[in-house]
Amino acid sequence: METKMTLEEHNARKSRTYKMLLIFGMMSILMIFAGLTSAYVVSKSRPDWLNEFQLPTAFIWSTLVMLASSVTFILALKAIKRSDSKSTMFLLCSTLLLGVLFVFFQFKGFGQVIENGYFFTGSESNVTTSFLYIVVLVHLAHLLGGFISLIIVIYNHYKQKYNAVQTLGIELSAMYWHFMDFIWVYLFLFFYFFK
């Protein structure tokens, strides 16, 4: 005797499926950064490697801003689960603004590197700063997906598609956002301590 799936069971299965797909995608991204940081380690033996290179201070600020954006995303998810729509919208928009501020500090960091006389490309570039440039840009390219999903979530929330029991879109977007936060913190610590 077949039993029909309830709406709640259907939504639970859909949620698990989407989360698993997202996790597989995030594992692929993780492998990209593992490969890039491995190449960085191997390249350290080159004679043109900059052992005295220091990360720009703007990268410290961008890291703090990214961590703050994860906190606002967590609070947004908690707010929607208690049906506080106004706080959810404020926190989602705050997350987006903090994300934009993160990107601003990333490019400010590039400017600080250039001000210190190091270049990313061209005849005056070196392998150390070229790696930094590539890794940060690859992270920003993947973070673009986080921005797109966050904008869609903000739009859907504005259209009142989320409530205390329907939070899947916010959860998926938050998972990806926290993952990109984790990747950046890993990269920052890697570049800071691996010299």
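Data overview
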{"read-out": "Mean separation of Cα contacts under 8 Å, 6 or more apart, over the residue count of the chain: relative contact order %", "value": "29"}
{"read-out": "Nonlocal amide H pairs with F119, under 5 Å, H built at 1.01 Å", "value": "N126"}
{"read-out": "The chain - charge dipole about Cα centre, Lys and Arg +1 at Cβ, Asp and Glu -1, debye rounded to 20", "value": "620"}
{"read-out": "Fewest-first sequence of D48, D84 by Cβ atoms within 10 Å of each Cβ", "value": "D48, D84"}
{"read-out": "Out-of-range pairs (alpha-carbon distance over 28 Å; input K14/K159; K19/K159; K86/K108; K108/K161; K108/K159)", "value": "K86/K108; K108/K161; K108/K159"}
{"read-out": "Over 31 Å [Cα-Cα, the chain], rounded percent", "value": "30"}
{"read-out": "Cα-based radius of gyration of region 55-119 once divided by 2.2 N^0.38 Å, which approximates compact folds", "value": "1.42"}
{"read-out": "Cα long-axis angle, helix 7-43 against the chain (0 to 90 degrees, to the nearest 10)", "value": "0"}
{"read-out": "Separation of alpha-carbon centers, region 26-96 and region 142-195, rounded to whole Å", "value": "10"}
{"read-out": "Rg/Rg_ref, region 1-111, where Rg_ref = 2.2 N^0.38 Å and atoms are Cα", "value": "1.60"}
{"read-out": "Folded to 0 to 90 degrees: helix 57-81 orientation relative to the chain principal axis, Cα", "value": "0"}
{"read-out": "In Å, descending, principal axis extents of the Cα set of region 77-176", "value": "56, 19, 19"}
{"read-out": "Order of H10, H178 under a 10 Å beta carbon neighbour criterion, fewest first", "value": "H10, H178"}
{"read-out": "Qualifying GluC sites (Glu not before Pro) in region 1-104, DSSP loop, other Cβ atoms within 10 Å at most 12", "value": "E2, E52"}
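Where a number appears in this text, it was derived from the coordinates with a stated rule and is not lab data. Small disclaimer: the values here were computed from a predicted structure and weren't measured. No Cβ is skipped: glycine too gets one built from the backbone with ideal geometry, and neighbour counts run over all protein chains shown.
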